[in-house]
1. Quote to one decimal, in nm, the extra length available between E78 and E175 on full extension: 0.36 nm per residue of separation minus the C-alpha distance between them.
2. Hey, with R₀ at 51 Å, roughly what FRET efficiency would T87 and E294 work out to, going by the Cβ-Cβ distance, to 0.05?
3. With a 1.4 Å probe and every protein chain kept in, tell me what percent of the accessible surface of the chain is carbon plus sulfur.
4. Suppose R0 equals 51 Å. What FRET efficiency, 1/(1 + (r/R0)^6) with r the Cβ-Cβ distance, do R160 and A325 give to the nearest 0.05?
5. Pulled fully out, how much extra length does the chain show between E58 and A287, if you take 0.36 nm times their separation in residues and subtract their Cα-Cα distance?
6. Quick check: net charge around A232, other residues with Cβ under 12 Å of its Cβ, Lys/Arg +1 and Asp/Glu -1?
7. Take the alpha-carbon positions of segment 37-131, form their convex hull, and give its projected area averaged over all directions (one quarter of the hull surface) in nm².
8. Mean projection of the alpha-carbon convex hull of segment 150-200 over all orientations, in nm²?
Amino acid sequence: MRIVVLAGGIGGARFLRGLKAAEPQADITVVGNTGDDIHLFGLKVCPDLDTVMYTLGEGINEEQGWGRRDETWSIRDEMAAYGVEPTWFGLGDRDYATHIVRTQMMGAGYPLSAVTEALCARWKPGVRLIPMSDDRVETHVVVDTADLGGPAAAEHPGARRAIHFQEYWVKLRAEPTAHAIVPVGIEEAKPAPGVLGAIAEADVILFPPSNPVVSIGTILAVPGIRDALVEAEAPVVGLSPIIGGAPVRGMADKVLAAVGVETSAAAVARHYGPGLLDGWLVDSGDADAVPAVEEAGIACRAIPLLMTDVEATAEMARAALAMAAEVRVEGGA
Ligand code: FO1
């Protein structure tokens, strides 16, 4: 079975671990979000690609959900000793090697998709990991300068500024109101080689419980990808990242508000729309959302959605695949 998964960071990576356990024989292609990418100290860092690669390659720091396990921080501490900013984005010594190799290969002219393939040759994630695009896209968040502290706050009241997503999330912990989400470079971005082909040949397409705005939303915003998903033969089934009106982790509520979407399982399904989604899984506690999702023309079921361990996640994956089979038969999706 050929499965395509659009994945962001931690939620997507953990879901993939369960999907692999549920369908060890499946041919899984992961289209990874690169809007979270950040350039630091001359290095290109790809948080969502690395989280998938490290998680499935058994190198992830499990508690954090990002970065390497057994990490040391000598370079970070030395950089801080030199007073080099930013110090708020923690790059570990082992993690640095990934960014050095990636930046060196890109400097030699290899596209990000080829670099990702080369890095995965070491990590053997057991899936084909393709960045959504080889072109540079960096998500920025528009906030009030008053929320930035320091001299910026003294600027004209009401002034706003677009800051890098990582500054918004890691430095500011997504405290400030997000007025808009701007994936810089998205208009010129093209799907990476293999992305559209994988979507066209897929038997099933899954949206894991990743951030619907800055992860899956960014992938959908790459010109050509949403249309390919709408036209695909394969049914598209998603799993809600919102449980009980709140994100399980991360800042999905803040960025959903920025795009005018209520933080609920049903609202996210409607946000993706029936043109895109054929099926949607909500948590057992959100069973009251099922009728609203079905009214939107999207099949819906309520099951336990907390990825407490690999087996629980495998159950979720099995339910998503079962729903894909149902909607394929019914709707001729
Ligand atoms: N998240 C944090 O909350 N604090 C960090 O210092 C941090 C560093 C970091 C370094 C490399 C990397 O790949 C990810 C890192 N993240 C950190 C997580 C990152 O912000 C998120 O994984 C995604 O961007 C959102 O899914």
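The values are calculated or read from the model by the stated rules, or taken from the named source; none is laboratory data. These numbers were taken from a predicted model, which means no experiment stands behind them. Reconstructed Cβ throughout: ideal geometry from the backbone, glycine too, with neighbour counts over all protein chains shown. All accessible areas refer to the heavy atoms of the entire protein, side chains included, with ligands and DNA or RNA removed. Shrake-Rupley method; radii C 1.70, N 1.55, O 1.52, S 1.80 Å.
1. 32.0 nm
2. 0.55
3. Values: 7280 of 13760 Å².
Ligands and nucleic acids excluded, carbon and sulfur give 53 percent.
4. 0.60
5. Once the chain is fully extended between E58 and A287, it gains 79.0 nm.
6. Local charge sum for A232: -3.
7. 5.9 nm²
8. Mean orientational projected area (segment 150-200, Cα hull): 5.8 nm².
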